[in-house]
Amino acid sequence: MERCPCCNARLTGSQFCPRCQADLGSVLGSEQLARYWLSNALQYWLACNPQMAILALAKSISLKHSPLALVFRDFMIRQQCPNVLDLLEKKEFAEAKELLTYLRALNPHNKFLRQLYDFTRYLSVKDIIGYCPGSEHG
């Protein structure tokens, strides 16, 4: 943080604002915690554990919307969408919905993820109805 959120004074790295004396300890602590979770997300990603990476990144973003975290979020979403499509092709709808739930936690307002989630739910219901005994569709 470069400026005090209370009075917009330049900060020197102290826990208190030099102008208004606002206690910035909690804000600085949350920024540090956000960096910690972002670091964990990157480590999980490198260890090929995308679900844990997504959860750690979601924690980081909930604490601070840093530019690096947001870029990493978009990268992870783009990397995981083909996995969702592969799961749908294999008719593994529950797994696809679970992965999409994690991805939507990263970016709940992402229109594409919402549409893909709704499509997955549609395919899941259609698959269940198609296999019902006595159904005209199966």
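Laboratory data are not the source of any read-out in this text; all were calculated from the coordinates shown. Bear in mind the structure is a predicted one, so any value in this text is a computation, not a measurement. Cβ atoms come from the backbone with ideal geometry, glycine included; neighbour counts cover every protein chain shown.
I'm spelling it out carefully: the read-out is semi-axes √(5λ) of the Cα gyration tensor in Å, the candidates are (1) 44, 15, 10; (2) 43, 16, 13; (3) 25, 22, 16, and one was derived from this structure. Which label?
So the calculated entry is the one marked (1).
Once both axes come from the Cα atoms, what is the angle between helix 25-46 and the longest principal axis of the chain, in degrees from 0 to 90, rounded to 10?
Tilt relative to the chain: about 40 degrees.
Pop a pseudo-label 7 angstrom from the Cα along the beta-carbon direction at both R35 and H109 and give the gap in nm to one decimal.
Going by the 7 Å Cα→Cβ label model, 2.7 nm.
Hey, for a label at S62 modelled as a point 7 Å past Cα toward Cβ, could you say which residues of region 105-127 have their backbone N under 12 Å away?
What the label zone holds, given the 12 Å backbone N cut-off, is 105-106.
Students often forget the sequence filter, so: which aspartates and glutamates lie under 14 Å Cα-Cα from K59 once same-chain residues fewer than 8 apart are removed?
Straight-distance partners of K59: E31.
Grab the beta carbon distance between K91 and L46, set R0 = 35 Å, and tell me the FRET efficiency rounded to 0.05.
Numbers: r = 31 Å, r/R0 = 0.88.
My answer for the efficiency is 0.70.
Cα to Cα, under 23 Å, and not fewer than 8 places away if on the same chain: which lysines meet these conditions relative to K64?
Excluding near neighbours in sequence, the set is K111.
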